[in-house]
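S.K.: Just passing along the structure, written as structure tokens.
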Amino acid sequence: FVALARPQAGFRWEETHRKGLEILFAVDTSKSMLAQDVKPNRLARAKLAVEDFLGKLDGDGVGLVAFAGNAFLQCPITLDYDAFRESLDALDTSTIPRGGTDIAAAIHEAQATFKTRTASEKILVLITDGEDLGGEGIAAAKAAAKAGVKIFTVGVGSTTGELVPVPAEAGGTEFTKDASGQFVK
């Protein structure tokens, strides 16, 4: 930003460089994020929370990673909050076609993005409702920490869980079942 300095007589423009925060939001877009134990559903609630957080920022870079069975950089780190909002609004459970919850993939995608950045503070806010089905999340988090990435996790959903809704072919809603025919919670 540009600061106005006041010398003894007149004015002089002086440019200063600020290295602010760079925050990547990794949002779980798996089908379980459609559960309605938080209203209107987990994914919508997560998007609203990110939007609220965005309203408190001023001059910090933000980016967006969508993840489910793998991860994708939905919005590169930017200071254009309107462009970020468009990417956030576009998130849905079809953003990542591969099902599951691969937390390590989200962390790896964030780390790859941060490698090209020069900010002094690199922050990943990981928003999910599920367990790490890929099983490598802890190892990925440790590697990211060594690279200087701070990770904050936000859980979405109730402690009791909820059935996972899916649109029925004939209309209406069905609920996800596992291989043995039991409802998935």
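The values are calculated or read from the model by the stated rules, or taken from the named source; none is laboratory data. Keep in mind the model is a prediction, meaning the values are calculated, not measured. Don't worry about glycine lacking a Cβ; one is built from the backbone with ideal geometry, like all the others, and counts go over all protein chains shown. Remember, those area values only see protein heavy atoms, side chains included, never the ligands or the DNA or RNA. Shrake-Rupley method; radii C 1.70, N 1.55, O 1.52, S 1.80 Å.
S.K.: Please enumerate the residues belonging to the stretch 176-185 that are of a type in the set (A, V, I, L, M) and loosely packed, with under 10 Cβ neighbours inside 10 Å.
M.R.: Ala179
S.K.: Something else: In this structure, is Ala112 within 19 Å of Gly69 (Cα to Cα), among the small types (Gly, Ala, Ser) and loosely packed, with under 14 Cβ neighbours inside 10 Å?
M.R.: On the way: within 19 Å of Gly69 (Cα to Cα): yes; among the small types (Gly, Ala, Ser): yes; loosely packed, with under 14 Cβ neighbours inside 10 Å: yes.
Answer is yes for this residue.
S.K.: Additional query: Got at least one residue in the stretch 165-175 being free of Cβ contacts under 8 Å to residues at least 24 places away in the same chain, open to solvent by less than 100 Å² (accessible area, probe 1.4 Å) and polar (S, T, N, Q)? Break it down into steps so the answer makes sense when it comes.
M.R.: Within the stretch 165-175, the first condition is being free of Cβ contacts under 8 Å to residues at least 24 places away in the same chain, and the residues that meet it are 167-175.
Among the residues that remain, those that are also open to solvent by less than 100 Å² (accessible area, probe 1.4 Å) are: 168, 171-173, 175.
Filter once more, so that each one left must be polar (S, T, N, Q): 173.
Scanning the stretch 165-175 turns up at least one residue that is free of Cβ contacts under 8 Å to residues at least 24 places away in the same chain, open to solvent by less than 100 Å² (accessible area, probe 1.4 Å) and polar (S, T, N, Q).
S.K.: Need the failing condition index for Gly59 against (1) within 30 Å of Val184 (Cβ to Cβ); (2) at pLDDT below 95; (3) in contact with a Phe, Trp or Tyr (Cβ under 8 Å, 6 or more places away or on another chain), just the number.
M.R.: Condition not satisfied by Gly59: (1).
S.K.: Something else: Given the conditions (1) under 15 Å from the mean Cα position of the chain (by Cα); (2) modelled with pLDDT of 95 or more, which single one is not true for Asp82?
M.R.: Going through the list (1) under 15 Å from the mean Cα position of the chain (by Cα); (2) modelled with pLDDT of 95 or more, Asp82 breaks only (1).
S.K.: Given the conditions (1) surrounded by 12 or more Cβ atoms within 10 Å (Cβ to Cβ); (2) more than 16 Å from the chain's Cα centre (by Cα); (3) touching a residue at least 60 places away in the same chain (Cβ under 8 Å), which single one is not true for Gly157?
M.R.: Checking Gly157 against (1) surrounded by 12 or more Cβ atoms within 10 Å (Cβ to Cβ); (2) more than 16 Å from the chain's Cα centre (by Cα); (3) touching a residue at least 60 places away in the same chain (Cβ under 8 Å), the one that fails is (2).
S.K.: I've got another one for you. Looking only at the stretch 88-103, which residues are outside any loop (DSSP other than H, G, I, E, B) and either surrounded by 19 or more Cβ atoms within 10 Å (Cβ to Cβ) or in contact (Cβ under 8 Å) with a residue 40 or more places away in the chain (or both)?
M.R.: Pass one, the stretch 88-103, residues outside any loop (DSSP other than H, G, I, E, B): 88-90, 103.
Across the stretch 88-103, the qualifying residues are Leu88, Asp89, Ile103.
S.K.: Output the residues belonging to the stretch 47-83 that are hydrophobic (A, V, I, L, M, F, W, C) and either open to solvent by 70 Å² or more (accessible area, probe 1.4 Å) or out of contact with any helix residue (DSSP H, G or I) (no Cβ under 7 Å at 6 or more places or on another chain) (or both).
M.R.: Leu48, Ala49, Phe53, Leu57, Ala66, Ala68, Phe72, Leu79, Ala83
Residues checked against (1) at pLDDT 85 or above; (2) more than 15 Å from Leu64 (Cα to Cα):
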position: Leu124; (1), (2): yes, no
position: Ala143; (1), (2): yes, yes
position: Gly148; (1), (2): yes, yes
position: Ile151; (1), (2): yes, no
position: Thr160; (1), (2): yes, yes
position: Leu163; (1), (2): no, yes
